[in-house]
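In what follows, a structure is listed as structure tokens, so that the remarks can point back to it.
The values are calculated or read from the model by the stated rules, or taken from the named source; none is laboratory data. Only a predicted model underlies this, so the values are computations on that prediction, with no experimental measurement involved. Backbone-built Cβ (ideal geometry, glycine too); neighbour counts: all protein chains shown. These area figures cover heavy atoms from the full protein model, side chains too; ligands, DNA and RNA do not enter into them. Shrake-Rupley method; radii C 1.70, N 1.55, O 1.52, S 1.80 Å.
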Amino acid sequence: MKIVVKLNGRNREWEAAPGATLLSVLRDGPQEPRMTSVKRGCETGDCGACTVLLDGQPVNSCVVAAARAHGHAVTTIEGLAGDPLMTALQAALVEHAAVQCGYCSPGMLVSLYHLLKECRAAGTTPGDHAIREALSGNLCRCTGYVKPVAAATAVAATLAAVGRAEAGAR
Amino acid sequence: MWELKEYRIAGSIGEAVAMMRRGPGKGVYIAGGTDLFLFPPACDYVVDINHVGMSNIARTPDGDLFIGAAATLHDIATCPLVTGFAGGLVSAAAAHCGNRPVRTTATIGGNLCNALPSADLAPALLALDAVCYIADEDSQESLPLEEFFTGPRRTVLDGRLLVGIALSAASGGWRAAARRLTRSAEDIALVQVAVALEIDGDRVGAARIALGSVAPVPMRAMLAEALVEGELIANLDPDRLADAAAIAAGECEPIDDHRASAEYRREMVGVLTRRLLASVLAGSTDTSPGTDNEGGAA
Amino acid sequence: MTDFVNNRAGGAQVGRNVTKIDAFKLARGEPVYTDDVHPAGMLWAKVLGSPHAHARILDVDASRALALPGVVDVAWHRQVKPILHTRAGQSHPEPSPYDTVIMPDKARHMGDRVAIVVAETLAIAEQALGLIDVKYEVLPALTDMDEALARTDVLVHEVADPRGIAEGGRSNVAARIDKQVGDVSAALKTCDHVVERTYWLPRVQASHIEPHVAISWLDEDGRLVVRTSTQVPFHLRRILARILELKEADIRVVKPRVGGGFGDKQEMVMEDIVALMTLRTKRPVRLEFTRTEELTSARCRHPQRIVMTTGVMNDGTIIANRMNVTADTGAYGSHALTVQGNTGQKVLPMYPCANIHFQVTCLYTNNPISGAFRGYGAPQGCFALESHIDEVAKVLGMDRLELRKKNHIRLGDTDPLSAKLGEGREGLSRVIRSTGLETAIEMGCDAIGWTRKRPPSAPHLRRGLGMALAMQGSGIAGVDWGAATVKLNEDGSVNLAVGATDIGQGSDTVLAQMCAQELGISYEKVRVLSSDTDLTPFDVGAYASSTTYVSGGAVVKAAQQMRDQLAGVFAEKWACPAGDVVFGDDNVSCGPDKAMTMAELATHALYAAKMQPAATASHMSNESPPPFAAQFADVEVDPETGEVFLRRFVSAVDCGTPIHPGMAEGQIEGAVSQAIGYALFEEVIVDRAGKVKNPNFLDYKIASALDMPEMVTILVPTMEPSGPYGVKAAGEVPIDGPAPAIVNAICDAVGARLCRIPATPERVWRQIKEAGE
């Protein structure tokens, strides 16, 4: 079946089997370029290695029908290249040695990006529990989550400081 | 990869049911689809109901809460209409279901229509006397949620479409709390208990005790409820609550599986029911595992 | 993250938290893993797994599958030459039994290989699986270790291992060990107390988030290229050459970035399949396991039953220790001997005494295959021993910390068991030349609040503290070795080629730091290539906690050799003694007026001296110095539900000198998270028919961010004389202690001793009930 999506800001037309998952269409081709940041890890919506944004909300693309994305916007980490918040998160994960094998990192970053964007819009700063809750769908077998949470906490604190400075300037 | 022949997208409720009835072969409704991709059912086509206007959450003029079957678990977890209803019992249940990305697309309708004994929203909804609205091609009917489940993975639907769930305005004022017992933080529940009590001055009005993962279908422990319903609060001492809890444990029909034994599940129905009754009577609804209130006043 | 100040002066490259060299590309999701690059014309492979745990594959009819458009080939046992081998991925000569062929004529576990399909798309390959007709002769399934031991009428392997390692054809025993120091039976009679308990360890799975995946093709010279997510490219090349009857020269194994391995990718789980199908079809072939295949057909940690018998005097002196292990290797004997050997060898030396007896019976069953998994037998042994020490202390009425302090291994102690137990043969004896264990215990006690246990946070909870000590090794003494090649370029950059495999732990970065340290340049000038059997020198691979200690030694040697060459070039140009040439801060100098940048010296070497500064060096250690860990758990238990709430976990770890402290901490934190799963909720549950009941992440739970306690990680640096810069290993030792520490804490909280993990709510509840009766 024909599926039209806005992938990373560009309209794309996919030919996909009716039972295809969004993950398989994004990752396996034959559509080029393949979105290699979207990883296959469990296919049950548990590990989060395939997390992408569907209309700005995080989803596990392995348990979402490709057809479900018809007419919607799909964003992968490739589409957030250069986005200041994503860049800050990537830098923080790297600086905090929170990237080990890196297989879960893009999914984790998409989840954190969504959390911090939502918090910034709401004018809140996520605490440890909110960060862990946001990451609970991204299984990582390497880090024990200590350094990823520390990295996210650091970015959240920076955002809060920037927010305060902006409020002060007004 | 799921060997599916056709993905049908419905534009209205009537069209959805018509598409389902049309055949050939077997069809399944799909909204979020998360559960369907876990264990793809043998079917020839799916009918996507995301575009039929069933994702609304609203209060009716007389104060009832209506949740469309295609409302996502995330919306239910965060919508102020739900978080403010009966102590947020239903939104808390939604918030504990899966993980954040799953909750973006998974829906209340999917959770109920899959009819797993462990359906996460079922105990909370049963405890608030939820009513199901079901559409056929040219008719609609409603029935209590207790009558919706007919067995593991079986419902009354038979090709009809679950349109939504309604909770009466009265139940929105009930005091309620729930608890699910798991092996790890995010897990299929071993045991679920939801308790809702209508507090009417010095007396309990309606009392609901709903159980999940401990019977072929989510269920109410009505004999236990009867021990509490209409009672003077002063009479509901720890012994009485323990009696009610023991009766609830007797009412469930758990099985042994690789996650837990029937014996443990039954015992835990007793423990959790007793604690939840105590904490709800004491006015506390934060019963997350390992917290102060969770032990109950007993 | 801790920075180690002692090494920071003078532009030091080691001991610093530098940026992991591959981290940014990983965080950007760039195409760097095996499955991220698909060669043109690639076919998709799927394995038809056996629906029976034990069945002869009498006949396979693939005609219906082959008739499906898009199906290119189907292979099964009649078409594939049966050459016995082991998929264990170990050094030659391999200590695991040769009990495996590429396509077996008998399925030995559910999911065992029956047929391989390759097709133009994944969907077609999956569809074709359903069109293969197989005739099975179903055999009785042995899924219980004791039954497997008792029976000789049903044999999992009817053919004897040609090298006599296992007892195929005679019994279901895959490996036996019986080693004794002193005389335990006699010594036990002299002891004031003899304490005996039995402990049970579950089957758990590594669960790297990137599944096993491999892609192979024939290059323009007709050579076989296998690009795969592996820990052991060189072992793979050797095994593939033998079983496919190719020359090693005609095989190239390439390891790109790997999404975690943890031992499970030490095994040749699928590379032979893609290689076989590429040779048959002459086309690129890709195979990736699903999570279900990972949990049914990859490798698990060996389930074990351990009987611990300890003789002790009233004053707490341990006189004798016996560990009797019965283990389940599943359908094949991968690592059957060596994992079980480690259960004693890496664990019993913690409490040296004159009498130590270590016995193993490792059995074939029709359960999923066991194999290598981080810790490699030690987590099982450590659980038994460290639980047992608490039990001994209880019998003695002695403080469990004091009992440990009185008996634990110390600087200068020898470890007699190591000499008796090498990698499947006589090993090398071990003397402790560095230990931070005393400091680790002290710092860990302080961090957990050992002497000031906090009250429960709610009236219905009980609080408990628990601890465990652990030791491991740094590579396999006298066996593990690696080589490194360094080459200088005219801009002063260095190519470092290593066979050592970065599988996410960050060894490329650590090795770059070590190389840069020796050459006096910034680590950013080092370009690391790992690993490609055509381009990088040999290394046994990433296992046995060996890379920093063993492969790092090779890097240091190679860099030193090239530095000596450069000193010679410099000395000739400036007419100064080569011995006075100093390297540092990207400069080379001899006195204040003779100096060049490394780039200038490199340019001079290449264009004036006309020589390529380069060196290859090999390194092996006859020692395997143990890293040490003292680990502590603070738990609360709900006695009515059996739920355990892990509040805080402290690891104090002596891994020698940390080259990259942040990544060393990361190793510890990751190991602890895996071990928390082992302690509390991870278990691959197999029913009596051999079927895995929870073959997905829905039901096989690994720790999420919400399962983690407050984590305290303390590095206790020591200077190990045999390791470059004083390093020891870090990767495995921290996975040993958490399970016993947590279970000891549960016992402290509610008085119930869990001899079986995972300590699920139901198990804890049941144990509390039994303890109360």
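Between C:R462 and C:D192, what is the spin-label point distance in nm, taking each point 7 Å from the Cα along the Cα→C-beta axis?
2.7
Could you tell me the largest-minus-smallest coordinate of the C-alpha atoms of the range C:677-764 on each of the three principal axes, in descending order and whole angstroms?
Here the Cα extents, ordered largest to smallest, are 51, 33, 26 Å.
Run the helix sum for chain C: -39,500 (n - 2.57) per DSSP H stretch of 4+ residues, divided by residue count, reported at 222 nm to the nearest 500 deg cm²/dmol. It would help to have the intermediate numbers written out before the result.
On the way: 19 runs with 205 residues, N = 773.
That comes out to -8000 deg cm²/dmol.
What number comes out for the charge environment of C:D61, summing +1 per Lys or Arg and -1 per Asp or Glu over other residues with Cβ under 9 Å away? Spell out each step's value before the answer.
On the way: positive: C:R64, C:K135; negative: C:D59, C:D133.
Summing Lys and Arg as +1 and Asp and Glu as -1 gives 0.
So which lysines can C:K594 reach, going by Cα to Cα under 17 Å and dropping same-chain residues fewer than 8 places off?
Partners found: C:K573.
Report the accessible surface area buried between chains C and B, summing both sides, using a 1.4 Å probe on protein heavy atoms only, in Å² rounded to the nearest 100.
2500
Give the lysines reachable from C:K106 as a straight Cα distance under 22 Å; neighbours fewer than 8 places away on the same chain don't count.
C:K46, C:K81, C:K135, C:K691
Out of the total accessible area of the protein assembly as shown (probe 1.4 Å, heavy atoms of protein only), what percent is carbon and sulfur?
So the carbon and sulfur contribution to the accessible surface is 52 percent.
Which percent of the Cα-Cα distances in chain A go past 21 Å?
47
Under 18 Å from a label point 7 Å along Cα→Cβ of C:H92: give me every residue in the range C:225-257 with its amide N that close.
Under 18 Å, as judged by backbone N against the label point of C:H92, lie C:232-254 of the range C:225-257.
Could you order C:Y199, C:Y376 so the one with the most accessible surface comes first? Probe is 1.4 Å.
In descending accessible area the options line up as C:Y376, C:Y199.
Counting only complete DSSP H runs, which helices of chain A cover 30 Å or more along their long axis at the Cα atoms and score a mean Kyte-Doolittle of -1.0 or above?
Details: long enough: A:146-169 (34 Å, 1.03).
Those that clear 30 Å and a mean of -1.0 are A:146-169.
Can you give the FRET efficiency to the nearest 0.05 for A:K2 and A:A161, using r as the Cβ-Cβ distance and R₀ = 51 Å?
It comes to 0.60.
Determine, from the Cβ-Cβ distance of C:D178 and A:H129 and an R0 of 41 Å, the FRET efficiency 1/(1 + (r/R0)^6), rounded to the nearest 0.05.
The computed FRET efficiency comes out at 0.20.
Tell me, rounded to the nearest percent, the portion of alpha carbon pairs in the protein assembly as shown spaced more than 39 Å apart.
In whole percent, the long-distance tail amounts to 52.
For the range A:82-169, what does the accessible surface come to per residue with a 1.4 Å probe? Please give it in Å². Numbers along the way, then the final one.
Working: 2970 Å² over 88 residues.
Accessible area per residue, the range A:82-169: 34 Å².
Give me the angle, in degrees from 0 to 90, between the Cα long axis of helix B:13-22 and the longest principal axis of the Cα atoms of chain B, rounded to the nearest 10.
60
Could you give the length gained on full extension between B:A42 and B:D202, defined as 0.36 nm per residue of separation minus the Cα-Cα distance, in nm?
Working: separation 160, 0.36 × 160 = 57.60 nm, distance 5.40 nm.
52.2 nm is the gain from fully extending B:A42 to B:D202.
Under a crude label model (7 Å from the Cα following the beta-carbon direction), how far is C:D580 from C:K81 in nanometres?
For C:D580 paired with C:K81, the spin-label model returns 6.5 nm.
Tell me, which residues of the range A:104-143 get at least 40 Å² less accessible area when the other protein chains come in, versus the chain alone (1.4 Å probe)?
Correct list: A:R132, A:E133, A:S136, A:L139, A:R141, A:C142.
So what's Rg/Rh here for chain C, counting alpha carbon atoms and using the Kirkwood radius for Rh? Don't skip to the end; give the middle numbers.
Values: Rg = 26.8 Å, Rh = 27.1 Å.
A ratio of 0.99.
Keeping every protein chain present and rolling a 1.4 Å probe, give me the accessible area per residue for the range C:254-364 in Å².
I get 16 Å² per residue for the range C:254-364.
Scaled to the compact-protein estimate 2.2 N^0.38 Å, what is the alpha-carbon radius of gyration of the range C:237-363, rounded to two decimal places? Walk me through the intermediate numbers first.
Values: Rg = 20.9 Å, N = 127, 2.2 N^0.38 = 13.9 Å.
Normalised Cα radius of gyration, the range C:237-363: 1.51.
Taking the radius of gyration and the Kirkwood hydrodynamic radius from Cα positions alone, what is the Rg/Rh ratio for the range C:433-538, to two decimal places? Provide the component values of the computation, followed by the final result.
On the way: Rg = 22.3 Å, Rh = 18.1 Å.
For the range C:433-538, the value is 1.23.
How many angstrom lie between the Cα centre of the range C:546-572 and the Cα centre of the range B:259-277?
Here the two parts' Cα centres lie 65 Å apart.
Quote the total accessible area buried by chains A and C together, excluding ligands, DNA and RNA, probe 1.4 Å, nearest 100 Å².
3800
Where the centroid of each part is defined by its Cα atoms, how far is the range A:39-85 from the range C:490-510 in Å?
About 33 Å separates the Cα centre of the range A:39-85 from the one of the range C:490-510.
Calculate, for the range C:153-250, the solvent-accessible area per residue in square angstrom, rolling a 1.4 angstrom probe over the heavy atoms of the protein chains.
Roughly 39 Å² per residue, with all protein chains present.
Which of the helices in chain C meet the span-like rule: DSSP H, Cα axial reach of 20 Å or more, Kyte-Doolittle mean at least 1.0?
The answer is none, since no helix passes both cut-offs.
Is the range A:2-79 rounded, prolate or oblate when judged by the Cα gyration tensor, a ≥ b ≥ c being the square roots of its eigenvalues, rounded requiring a/c under 1.5 and prolate requiring a/b larger than b/c?
It comes out rounded by the Cα gyration axes.
Of the cross-linked pairs A:K6/C:K701; A:K117/C:K265; C:K189/C:K405, which ones have a Cα-Cα span greater than 32 Å in the structure shown?
Values: A:K6/C:K701 35 Å; A:K117/C:K265 37 Å; C:K189/C:K405 25 Å.
Result: A:K6/C:K701; A:K117/C:K265 exceed 32 Å.
When the gyration tensor of the range B:128-193 is built from Cα positions, what are the square roots of 5 times its three eigenvalues, in whole Å, from largest to smallest?
Semi-axes from the Cα gyration tensor: 27, 19, 9 Å.
Tally Lys/Arg at +1 and Asp/Glu at -1 over every other residue whose Cβ is under 14 Å from the Cβ of B:P218; what's the total?
Local net charge: 0.
Along the Cα→Cβ direction, 7 angstrom out, place labels at A:A121 and C:K573. What is the inter-label distance in nm?
Distance between label points: 6.0 nm.
If each residue of separation counts as 0.36 nm, what is the full-extension length gain between B:A169 and B:L81 once their alpha-carbon separation is subtracted?
30.5 nm
Give me Rg/Rg_expected for the range C:38-88, where Rg uses Cα atoms only and Rg_expected = 2.2 N^0.38 Å with N residues.
Normalised Cα radius of gyration, the range C:38-88: 1.43.
Report the full-extension gain for the segment C:K135 to C:L279: residue separation times 0.36 nm, less the Cα-Cα distance, to one decimal in nm.
Contour length minus the Cα-Cα distance gives 49.2 nm.
Between C:V154 and C:D219, what FRET efficiency follows from the Cβ-Cβ distance if R0 is 60 Å, with the result rounded to 0.05?
0.85
On average, how much area does the Cα convex hull of the range C:524-592 cover when viewed from any direction, in nm²?
6.2
For the range C:656-697 and the range A:96-139, what is the centre-to-centre distance using only Cα atoms, to the nearest Å?
Spelled out, the Cα-based centre of one part sits 22 Å from the other.
In square angstrom and rounded to 100, what buried accessible area do you get between chains A and B, total over both, with the probe at 1.4 Å? Display every interim value, and only then the final one.
Details: alone 8640 and 12830 Å², together 19440 Å².
Buried area (both sides, nearest 100 Å²): 2000 Å².
Output the pairs from A:K39/C:K25; C:K20/C:K557; C:K693/C:K769; C:K406/C:K728; C:K179/C:K420 with a Cα-Cα distance over 18 Å in this structure; if there are none, say none. Mind dumping the intermediate values first?
Numbers: A:K39/C:K25 14 Å; C:K20/C:K557 22 Å; C:K693/C:K769 27 Å; C:K406/C:K728 25 Å; C:K179/C:K420 7 Å.
Among A:K39/C:K25; C:K20/C:K557; C:K693/C:K769; C:K406/C:K728; C:K179/C:K420, the Cα-Cα distance tops 18 Å for C:K20/C:K557; C:K693/C:K769; C:K406/C:K728.
Got a sec? Which residues of the range C:254-270 lose 30 Å² or more of accessible surface with every protein chain in place, vs. that chain alone, 1.4 Å probe?
Residues of the range C:254-270 that lose at least 30 Å² of accessible area once the other chains are added: C:F262.
Under the rule that a partner needs its Cβ under 4.7 Å from the first Cβ, which Cys of chain C have none?
C:C191, C:C300, C:C353, C:C362, C:C382, C:C445, C:C515, C:C655, C:C747, C:C755
Which of the lysines could a cross-linker span from B:K26 if the Cα-Cα distance has to be under 16 Å and same-chain partners fewer than 8 positions apart are dropped?
B:K5
Averaging over every viewing direction, what projected area does the convex hull of the Cα atoms of the range A:81-131 cover, in nm²?
Numbers: hull surface 15.1 nm².
Averaged projected hull area, Cα only: 3.8 nm².
Just for the Cα atoms in the range A:82-169, what are the lengths along the principal axes, largest first, rounded to whole Å?
Each principal axis gives a Cα extent; for the range A:82-169 these are 43, 24, 19 Å.
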